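Have a look at the structure below before the remarks.
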Amino acid sequence: MTERLAYRVPEVCAMLGISRATLYRRVKTGEIAIHKLGSISFVKREGLEALLETLPSAEPMSLPILRREIGRDRQKQGETTGNTRPLKPLGK
């Protein structure tokens, strides 16, 4: 199976998890190049790969922040901690 050479705008937005407006803002700043073939707009695979190479890597969350986020998720779901008391909402 051969790799695709280009992707249409909605596909690029879905792959990157960004809105159409964000994609076009990145086009305007020169981060992404859009090409046209008649009325079809597309982004070349090489352009996407180049964009991904320029992005900084995400820093992992520190353990205290991660524990706090897990605690908030449990509160939202109404789970309990290791004891039998339910978690109290933060700030109350």
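The values are calculated or read from the model by the stated rules, or taken from the named source; none is laboratory data. The structure presented is a predicted model; accordingly, all values stated were derived computationally and were not measured. Every residue, glycine as well, gets a Cβ built from its backbone with ideal geometry; the counts of neighbours run over all protein chains shown.
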Would you please name the residue that is surrounded by the fewest Cβ atoms within 10 Å (Cβ to Cβ), looking only at residues in the range 22-39 that are in a helix (DSSP H, G or I) and of a type outside the set (A, V, I, L, M)?
Lys28
Inter-residue pairs, beta-carbon under 8 Å, first among the basic types (Lys, Arg) and in the range 18-46, second in a helix (DSSP H, G or I) and surrounded by fewer than 16 Cβ atoms within 10 Å (Cβ to Cβ), 6+ apart
Arg20/Pro10
Going by the structure shown, is Gly47 assigned to a helix (DSSP H, G or I) and at pLDDT 65 or above?
yes
May I ask you to verify whether Ala14 is over 15 Å from the mean Cα position of the chain (by Cα), surrounded by 10 or more Cβ atoms within 10 Å (Cβ to Cβ) and at pLDDT below 95?
no
